[in-house]
Every structure is written in C-alpha cells, then in structure tokens.
1. If only one of 136, 150, 155, 122 is modelled with pLDDT of 75 or more, of a type in the set (Asp, Glu) and closer than 30 Å to residue 64 by Cα, which one is it?
2. Go through segment 32-49 and give me each residue that's at pLDDT 85 or above and acidic (Asp, Glu).
3. Check whether at least one residue in segment 77-100 is of a type in the set (Asp, Glu), modelled with pLDDT of 80 or more and assigned to a loop (DSSP other than H, G, I, E, B), and report yes or no.
4. Among the residues of segment 49-69, write down those that are over 16 Å from residue 102 (Cβ atoms) and touching a strand residue (DSSP E or B) at 6+ places or on another chain (Cβ under 9 Å).
5. Of the conditions (1) part of a helix (DSSP H, G or I); (2) over 15 Å from the mean Cα position of the chain (by Cα); (3) buried (at least 16 other Cβ atoms within 10 Å of the Cβ), residue 52 satisfies every one except a single condition; which number is it?
6. How many of the residues in segment 23-49 are part of a loop (DSSP other than H, G, I, E, B) and of a type in the set (Phe, Trp, Tyr)?
7. Looking only at residues in segment 58-103 that are of a type in the set (A, V, I, L, M) and touching a Phe, Trp or Tyr at 6+ places or on another chain (Cβ under 7 Å), which one is surrounded by the most Cβ atoms within 10 Å (Cβ to Cβ)?
Amino acid sequence: MMKQMFFPLAFALTGCYKISYINGPVDGPYDKEITHKTYVSGVVEPDELDISQICPNGFQKIEHKVTVKNQLYTIGTQLLLTPVGLGALPVQWFEPHTVRVYCASGSPMPSEESPVQQLEQELENTKQKIEEDINEGEQSLEKSADEMNEKIQKELEE
C-alpha cells in the first residue's frame, strides 16, 4: 500500500511552482492572499481575480503559485473521486492556486469577509431556515391535531 501511494505523492509534489508579476519595488508584506480555485484541469474557472478591486492604486507584485498544500487538495480530490471512476481519468478535477497581491502605494480595499466569517454567516442562515421549518411543522401538526380532535368529538357525539 505504501509503495502504491509513494509514487503518486512524489510525482504530484514535484508539480509546485511560482510565477511572479512585478510592477515595481516591493515595500513590505503582501496585502491579500487569495485561494483561486479552478476545475477540470483549469478549463472551468468560476471567478476571475480583479486586482483593481483589491488594489485601487495598482499593484507592485503578484505571486501566483501552486504549493504543497494546494497539491494535497488536488490529490485528495482525485482519491475521493476514484471509487466512482472519475479519479482514474487524467484530469485534475479541483486545482487550487495561491495568489498573493502586493499593492502599490495606498492601502488595499477593505477585505471581504474571511472564509470563517462566511461560514459562520452560512451556518446562521441555515439555523434560521431550520427554525422556520420547525415552526411551520409545529403549526401544521397543531392544525392537524385540532382537526383530528374535532372529528373525534363529532363521532363521539353521534
């Protein structure tokens, strides 16, 4: 088993790379790190990165890289899809990239909600929906119970 896992992992981990686009001297640490997701070997790209939204005054440097962590996500997806037959196809079904943006002078745009905040908001929305469904279900049960009681009382009176 270890021998079977060694070669795919060794091969996949050699696929890490980094591309830098430099537009000026870099003053400090990056302003924003984004995980950019692509699917079906990069053919499907659900969202484009709009650097002008992140850096309204332009950028100094953009790093686009595939890290070991990104490769592990890709391999994990392949392994999960293997039992259904899709993992055996020579396609990278999910391929994340890490993008770091270093803005030019001036501060970057206020960042959007973090993934944790987005998840918390999603959970809160789901919780509210479940509570609404429960309330509707309780009301429906009460209505059904009232109707059943009325039918039983009518039958008892007859």
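1. 122
2. Matches in segment 32-49: 33 only.
3. no
4. Across segment 49-69, the qualifying residues are 66, 67, 69.
5. (3)
6. Of the residues in that region, 1 qualify.
7. Here the residue is 101.
The values are calculated or read from the model by the stated rules, or taken from the named source; none is laboratory data. A quick note: this is a predicted structure, and the numbers were derived from the prediction, not measured. With ideal geometry, Cβ positions are generated from the backbone for all residues, glycine too; neighbour counts draw on all protein chains shown.
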